[in-house]
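The values are calculated or read from the model by the stated rules, or taken from the named source; none is laboratory data. No experiment lies behind these values; they were computed from the predicted model shown. Because the Cβ atoms are built from the backbone with ideal geometry, glycine has one as well, and the counts that use them run over all protein chains shown. In case anyone asks, the SASA skips ligands and DNA or RNA and just uses the protein heavy atoms, side chains included. Shrake-Rupley method; radii C 1.70, N 1.55, O 1.52, S 1.80 Å.
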2 protein chains.
Amino acid sequence: MQVFKYPPKEDWVKLLQRPENDLSGLFSTVQGILDDIKANGNSAAIKYSEKFDGFAAKELLVSKEEIDEACMQISSNLKEAIYKAKLNVETFHEAQIVPERVVETMPGVVCRQKSVAIEKVGLYIPGGTAPLFSTVLMLACPAKIAKCKEIVLCTPPDREGKVHPAILYTASLVGVTKVYKLGGVQAIGAMAYGTESIPKVDKIFGPGNSYVTAAKQLVSLKDVAIDMPAGPSEVEVLADESANPAFVASDLLSQAEHGVDSQVILVTNSIELIAKVEEELEKQLSRLSRKEIAVKALENSRILLLGSKEEMIEMTNQYAPEHLIIAMRDEDEVANKITNAGSVFVGNYTPESAGDYASGTNHTLPTHGYARAYSGVNLDSYLKKITFQKISPQGLLEIGPAIEEMAAAEQLDAHKNAVTIRLNSLK
Amino acid sequence: MQVFKYPPKEDWVKLLQRPENDLSGLFSTVQGILDDIKANGNSAAIKYSEKFDGFAAKELLVSKEEIDEACMQISSNLKEAIYKAKLNVETFHEAQIVPERVVETMPGVVCRQKSVAIEKVGLYIPGGTAPLFSTVLMLACPAKIAKCKEIVLCTPPDREGKVHPAILYTASLVGVTKVYKLGGVQAIGAMAYGTESIPKVDKIFGPGNSYVTAAKQLVSLKDVAIDMPAGPSEVEVLADESANPAFVASDLLSQAEHGVDSQVILVTNSIELIAKVEEELEKQLSRLSRKEIAVKALENSRILLLGSKEEMIEMTNQYAPEHLIIAMRDEDEVANKITNAGSVFVGNYTPESAGDYASGTNHTLPTHGYARAYSGVNLDSYLKKITFQKISPQGLLEIGPAIEEMAAAEQLDAHKNAVTIRLNSLK
C-alpha cells in the first residue's frame with residue numbers, strides 16, 4: 001500500500017479517487033441483449049445462458065426436488081450459522097417497521113403516510129467461485145418482513161446446470177418464492193420485462209459484475225426500480241495508536257480479497273501504527289487462498305497519515321466509504337460525527353465480516369461515494385410510502401381559500417375551480 | 001374522453017397504457033451539453049442559457065436585492081396562503097422524523113440505524129408561464145426539516161433576466177440557501193458537476209421538460225442521486241353513484257390542464273355517472289383559460305365502466321396512478337385496499353388541488369406507474385440511513401463462530417481470519 005504523510009487538503013480529492021466506474025462503454029452490447037429478452041422471452045434467455053454460462057436449461061425454474069437435495073447437502077454447522085445470522089438480520093430489520101403516520105394538519109384536514117410493500121421483487125445472486133448465500137439472506141429477509149408478495153431469485157447455474165446448494169438452502173429457509181437458473185444480463189432482462197416462466201418484477205436487487213450493473217442501470221431508466229447504483233467494494237479503517245495492528249491488517253485484507261478492483265484505505269494519526277500494520281499485512285497475506293486478488297487490490301490502496309482526529313473525520317466524510325471501521329480510543333464520539341458512510345463498525349472487536357454475515361445490519365451498501373446520498377438496503381427498500389388525505393367540508397372551508405389563491409397565482413384555473421365548485425356547494 | 005364499457009381483463013393493460021416515455025432519443029444531445037458544462041463550467045452554462053432561454057446572465061446568483069424586491073411584489077393574500085400551506089407541509093413532514101433505532105440483536109451485539117441529512121441538495125424549478133412556487137415549498141420544506149446544510153435552487157430567468165417573484169419569495173421564506181438563474185439541461189449539469197459559482201450537490205430534485213428529465217437520468221447513472229424518474233402527470237378518479245359529477249369533472253380537468261400529454265382516467269361502476277360527468281366536462285371546459293391544453297389531454301384520456309367495486313380496485317392497483325381520487329360511498333374501505341398509488345384523495349371534499357398546494361402531503365409524486373416501486377418525495381428523500389454496529393469481546397465470542405462458518409463456506413478466508421484473529425486474542 002502506498003503511504004501518504006500529512007497530505008495538504010487540496011490533494012485529498014485526488015488521494016481519495018476511486019477506480020473509474022463508467023459502464024457506458026458496455027451499454028450498447030447490454031441493451032442489445034435486453035431488447036432480445038424483451039422481444040423473445042425464454043428462448044432468448046436460454047440462448048444467452050448457453051453462450052455465457054455454458055448451460056442450456058430446458059427448465060429455468062429450480063424444482064422442489066433440487067431444493068430438497070440441496071438442503072441435505074448442507075452441514076448442520078453451516079445450517080446453524082445461517083439460522084443465527086437470519087435471526088439477527090430479522091431482528092434488526094423488524095425494528096425498522098414504521099407505523100402509519102396520521103396527522104390532522106389543520107381542523108378537518110387529515111393526512112396519512114402509509115408504508116406498503118412493493119408487490120414483486122427480484123433478487124440477483126451472482127455465480128462464480130464463492131456462492132454468495134449471505135446475500136440471499138440480506139436481500140430476502142427484509143423483503144419477507146416488508147410482506148412482498150412475490151420474491152423471485154435469479155442466479156447462474158454451473159456448467160452442469162446446478163445451483164450451489166448453500167444458495168438454494170438459504171433461499172428456501174428465508175421464503176424466496178421461486179429460484180431460476182439464469183444469470184447475467186439475461187436474468188436482469190427477464191426480471192425487468194418478464195418471460196413465459198419468469199415474472200416481471202417491480203424492483204431488482206443484488207450485486208453483479210459490470211455487465212449486470214450496466215443492465216440494472218439501463219432497465220432502471222424506465223422499466224423497473226433498482227436497489228442502488230453499484231461500484232467496486234471498499235473499506236476505510238480509521239485508526240489511532242489504540243488500534244490492534246493485526247486486527248487492522250485482517251480487516252484491510254478481508255476487503256482486498258473481494259476483487260482486484262476493491263479499494264482499501266487506512267486513515268490514521270499514528271505513524272507507529274503504519275509500520276506495524278504493514279508488517280502484519282505481509283504476514284497474514286502469505287496465508288490467504290485469495291492472495292493474488294488481495295495483492296492486486298492493495299496496489300490501488302492507500303495509507304493516509306493525518307495530523308489530527310478532526311482531519312481524520314473530515315477526510316472520512318469526504319470519502320463516504322461503503323464500510324468504515326473505527327478503531328480509536330474515543331470510538332463512540334468519532335462514530336457520532338460520521339455523516340457519510342454505508343455501515344460503520346465501531347471498536348476493536350467489530351470486524352467488517354460481522355456485518356457482512358451476521359450482526360444484523362445489511363451488507364448491501366452504497367459504494368463509490370454513493371453513501372453521500374444513498375442508504376444501504378434496509379426495510380424501506382422494499383416499501384413505498386403512499387400518502388392519503390381526507391378533507392371534511394369544514395376542513396375545505398378552512399383551507400380552500402388558500403388553495404384558490406395559490407392556484408390563481410400559478411395560473412392554473414382548473415385547479416382553482418376544483419375547490420371553488422366545492423366551496424360554492426357548501427354556501 | 002373515450003368510454004369503454006365492461007372491458008375484459010385481458011384488455012386492461014392496453015386500456016391503461018400511458019403515453020410513451022422513452023427519452024433515449026434525447027440522450028446524445030443532452031449528454032453533449034452535460035459534458036460541456038462539466039468541462040467548462042459557468043461559461044458553458046451561460047452560453048446555453050443564452051441559446052435556450054434568450055438570456056446571457058453576467059451573474060447567475062440571484063442577489064439579496066432581487067429577493068427583497070420580489071418579496072415586496074407579492075400580495076399579502078398570497079403571502080398568507082403560502083404561509084398556511086407551508087405550516088401544513090411542515091407539520092406533515094415533521095411527523096415523518098424517525099428516531100434512531102438501537103437493537104441488541106444478541107448479547108453484546110448492538111446495531112443502530114441512524115438517519116443523517118444529505119448534505120447538499122439541488123432543486124430544479126421550471127420556468128414557463130405558470131411559476132411553480134408551490135414546488136419550491138414541496139421540495140425545500142422537507143430539506144429544511146431533514147437539516148440539509150445546503151439547499152440550492154436553479155430556475156430559468158425570463159428574457160429580461162428576471163425570476164418570477166413568487167418563486168423568489170417562497171424560496172426565501174422556506175430557507176433555500178441560494179437561487180441561481182439557470183434552467184434546463186445546463187442547470188442539471190451545473191448542480192451535478194459544480195461550476196465556479198454553483199456548488200456540486202449530492203441529490204437533485206424537481207420536475208422539468210423532457211430534456212431536463214433526460215439530463216437527470218443521465219447524471220443519475222454515476223454522478224448524483226435524483227428524486228425519481230419522471231413522466232407526464234396523471235390522475236385517476238374512482239367514483240360510484242354517490243360521487244358528485246361536477247366535482248369529478250373539475251378534478252379531471254385540473255389534471256388535464258397540466259399539459260397535452262397529461263392522462264386522466266375515470267373508473268366507475270355507474271353508467272349514469274358517466275353521462276353526467278361528460279355533461280359537466282363540456283360545461284366547465286368552456287370557461288378554462290388553458291382550455292386548449294385540456295382538450296388535447298382529454299383526447300388521450302379514458303372513462304372505464306366496470307362491473308364491480310373489486311374490479312375497480314384491482315384496475316387501480318394495476319394502473320398505479322400518481323394521483324388517485326376516491327369518490328365512493330365506502331371511500332375509507334376502498335382507500336385501505338389501495339396498494340399502488342402516489343397520493344390518494346379520499347371523499348367528495350378532497351380535490352387533488354388540495355394536495356397540490358396545501359393539505360400537507362407532498363405533490364412530487366411517482367408518475368408513469370412508478371408508484372409500484374417508488375414513493376413520492378417525503379422526508380426520507382433527504383436522508384440516508386447509516387447503520388452502526390458495536391460488538392463487545394463477549395458478543396464476538398457469541399457470534400464469531402457463525403461468521404467463521406459462513407465465511408469459510410463462501411471461500412472468503414480473509415473474512416474468516418478477521419474474526420479468528422480476534423477470537424484467538426480472547427482465549
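Hey, if you put +1 on the Cβ of every Lys and Arg and -1 on every Asp and Glu Cβ in chain A, which of A:ASN424, A:VAL377, A:TYR169 ends up farthest toward the positive end of that dipole?
So the residue furthest toward the plus end is A:ASN424.
I need the Debye-formula profile for the range B:4-94: one equal scatterer per C-alpha, no solvent, reported as log10 I(q)/I(0) at q = 0.10, 0.13, 0.18, 0.21 1/Å, two decimals.
With one equal scatterer per Cα and no solvent, log10 I(q)/I(0) is -0.70, -0.90, -0.93, -1.00.
Assuming 0.692 mPa s and 37 °C, estimate D for the range A:95-221 with Stokes-Einstein, Rh taken as the Kirkwood radius over Cα pairs, in µm²/s.
Once the numbers are plugged in, D ends up at 208 µm²/s.
For A:VAL260 and A:LYS200, compute 0.36 nm times the residue count separating them, minus their Cα-Cα distance, and round to one decimal in nm.
Stretched fully, the A:VAL260-A:LYS200 segment lengthens by 18.2 nm.
Check the range A:232-375 and count each lysine pair with an alpha-carbon distance under 23 angstrom, considering only pairs eight or more places apart or from different chains.
6
So which residue, out of B:SER270, B:SER262, B:SER49, gets the largest mean-square fluctuation from a GNM of chain B using Cα contacts under 10 Å as springs?
B:SER270
Distances from A:LEU426 to the same position in the other copies: list them in nm, one decimal, shortest first, using label points 7 Å from Cα along Cα→Cβ.
Listed shortest first, these distances are 6.3 nm.
Springs between alpha-carbon atoms under 10 Å, Gaussian network over chain A: tell me which of A:ILE399, A:ILE338, A:ILE325 tops the mean-square fluctuations.
Of the options given, A:ILE399 has the highest mean-square fluctuation.
Working only with C-alpha atoms, what are the Rg and Dmax values of the protein assembly as shown, expressed in angstrom?
Expressed in Å, the Cα Rg and Dmax of the protein assembly as shown come to 27.6, 85.
Under the definition of partner shielding as Cβ atoms of other protein chains within 10 Å of a residue Cβ, what is the mean value for peptide B:361-368?
3
Subtracting the Cα-Cα distance from 0.36 nm times the residue separation, let me have the gained length for A:LYS47 to A:THR29 in nm, one decimal.
The A:LYS47-A:THR29 span can extend by a further 5.0 nm.
List every DSSP H helix in chain A whose Cα atoms extend 18 Å or more along the helix's own long axis and whose mean Kyte-Doolittle hydropathy is at least -0.5.
A:27-53, A:133-146, A:271-285, A:393-409, A:413-426
So what is the calculated 222 nm ellipticity per residue for the protein assembly as shown, using -39500 (n - 2.57) for each DSSP H run with n of 4 or more, over all residues, to the nearest 500 deg cm²/dmol?
When only DSSP H runs of four or more count, the value is -14000 deg cm²/dmol.
If you stretched the chain out fully between A:VAL3 and A:GLU282, how much longer would it get, using 0.36 nm times the residue separation minus the C-alpha to C-alpha distance?
Extending this stretch completely gives an extra 98.9 nm.
Given a 1.4 angstrom probe, what's the average accessible area per residue across chain B, in square angstrom?
Heavy-atom accessible area per residue stands at 36 Å².
Relative contact order for chain A: what percent, with Cα pairs under 8 Å and sequence separation of 6 or more?
Relative contact order, chain A: 21 percent.
Once you charge only the Cβ atoms, +1 for Lys and Arg and -1 for Asp and Glu, what is the size of the charge dipole of the protein assembly as shown about its Cα centre, to the nearest 20 debye?
Roughly 0 debye for the protein assembly as shown.
For the range A:343-427, state what percent of all Cα-Cα pairs lands in each successive 10 Å bin, counting from 0 Å until the bin that includes the largest distance.
14, 25, 14, 12, 17, 15, 3, 0
In what order, largest first, do B:ASP413, A:ASP251, A:ASP380 sit by accessible area if the probe radius is 1.4 Å?
Largest to smallest exposure gives the sequence B:ASP413, A:ASP380, A:ASP251.
Could I have the simple spin-label model distance between A:ALA39 and B:SER392, label points 7 Å from Cα toward Cβ, reported in nm to one decimal?
The answer from the label model is 6.4 nm.
Could you give me D for the range B:129-202, from Stokes-Einstein at 37 °C and 0.692 mPa s, where the hydrodynamic radius is the Kirkwood radius over C-alpha pairs? Units µm² s⁻¹, please.
Details: Rh = 12.7 Å.
Result for D is 259 µm²/s.
With a Förster radius of 30 Å, plug the Cβ-Cβ distance of B:ASP158 and B:VAL98 into 1/(1 + (r/R0)^6) and report the FRET value to the nearest 0.05.
Once rounded, the FRET efficiency stands at 0.15.
Charges only on Cβ, +1 for Lys and Arg, -1 for Asp and Glu: so what's the dipole of the range B:232-375 about the Cα centre, in debye to the nearest 20? Don't skip to the answer; put the middle values down first.
Numbers: 11 positive and 24 negative charges, 67 e Å.
Here the range B:232-375 has a charge dipole of around 320 debye.
Round to the nearest 0.05 the FRET efficiency obtained for B:ALA408 and A:GLU299 when R0 = 25 Å and r is the Cβ-Cβ distance.
Computed FRET efficiency for B:ALA408 and A:GLU299: 0.40.
State the Cα centre-to-centre distance between the range A:100-171 and the range B:184-226 in whole Å.
Measuring centre to centre over Cα atoms gives 30 Å.
What is the mean number of Cβ atoms from other protein chains located within 10 Å of the Cβ atom of each residue in peptide A:247-259, rounded to a whole number?
Working: counts 4, 1, 4, 9, 6, 2, 5, 9, 3, 1, 6, 3, 0.
Partner-chain Cβ atoms within 10 Å, mean over residues of A:247-259: 4.
So if we plug the beta-carbon distance of A:LEU423 and A:GLU333 into 1/(1 + (r/R0)^6) with R0 = 35 Å, what FRET efficiency do we get, rounded to 0.05?
With R0 = 35 Å, the Cβ-Cβ based efficiency is 0.05.
Using only the alpha carbons of the range A:182-341, determine the length spanned along each of the three principal axes and report them from longest to shortest in whole angstroms.
The Cα atoms of the range A:182-341 stretch 62, 36, 20 Å along the principal axes, largest first.
Quick check: convex hull of the Cα atoms in the range A:256-387, volume per residue, rounded to a whole Å³? Walk me through the numbers before you get to the answer.
Details: hull volume 17.8 nm³, N = 132.
Residue-normalised Cα hull volume stands at 135 Å³.
By a straight-distance test (C-alpha under 18 Å), which lysines pair with B:LYS203 as possible cross-link partners, with residues fewer than eight away in the same chain excluded?
In chain and number order, the partners are B:LYS38, B:LYS120, B:LYS144, B:LYS147, B:LYS149, B:LYS178, B:LYS216, B:LYS222, B:LYS384, B:LYS385.
A plus B alone minus the pair: what accessible area, both sides summed, probe 1.4 Å, in Å² to 100?
10800
Run the accessible area of chain B with a 1.4 Å probe and give the carbon-and-sulfur part as a rounded percent.
50
With point charges of +1 on the Cβ of Lys and Arg and -1 on the Cβ of Asp and Glu, referenced to the Cα centre of chain B, which listed residue (B:TYR349, B:VAL235, B:THR29) lies farthest in the positive direction of the dipole?
Projecting each Cα onto the dipole axis, the largest value belongs to B:THR29.
Name the most mobile residue of B:ASN21, B:ASN42, B:ASN362, meaning the one with the largest mean-square fluctuation, in a Gaussian network model of chain B with Cα contacts below 10 Å.
Residue with maximal mean-square fluctuation among B:ASN21, B:ASN42, B:ASN362: B:ASN21.
What do you get when you divide the Cα radius of gyration of chain A by 2.2 N^0.38 Å, with N the number of residues?
With N residues counted in chain A, Rg over 2.2 N^0.38 Å equals 1.15.
Compare the peptides A:305-314, A:165-174 by average per-residue count of other Cβ atoms within 10 angstrom and give them in order, highest first.
In descending order of packing, they fall as A:165-174, A:305-314.
Quantify how strongly other chains surround peptide B:208-221 by giving the mean number of their Cβ atoms within 10 Å of each of its Cβ atoms.
2
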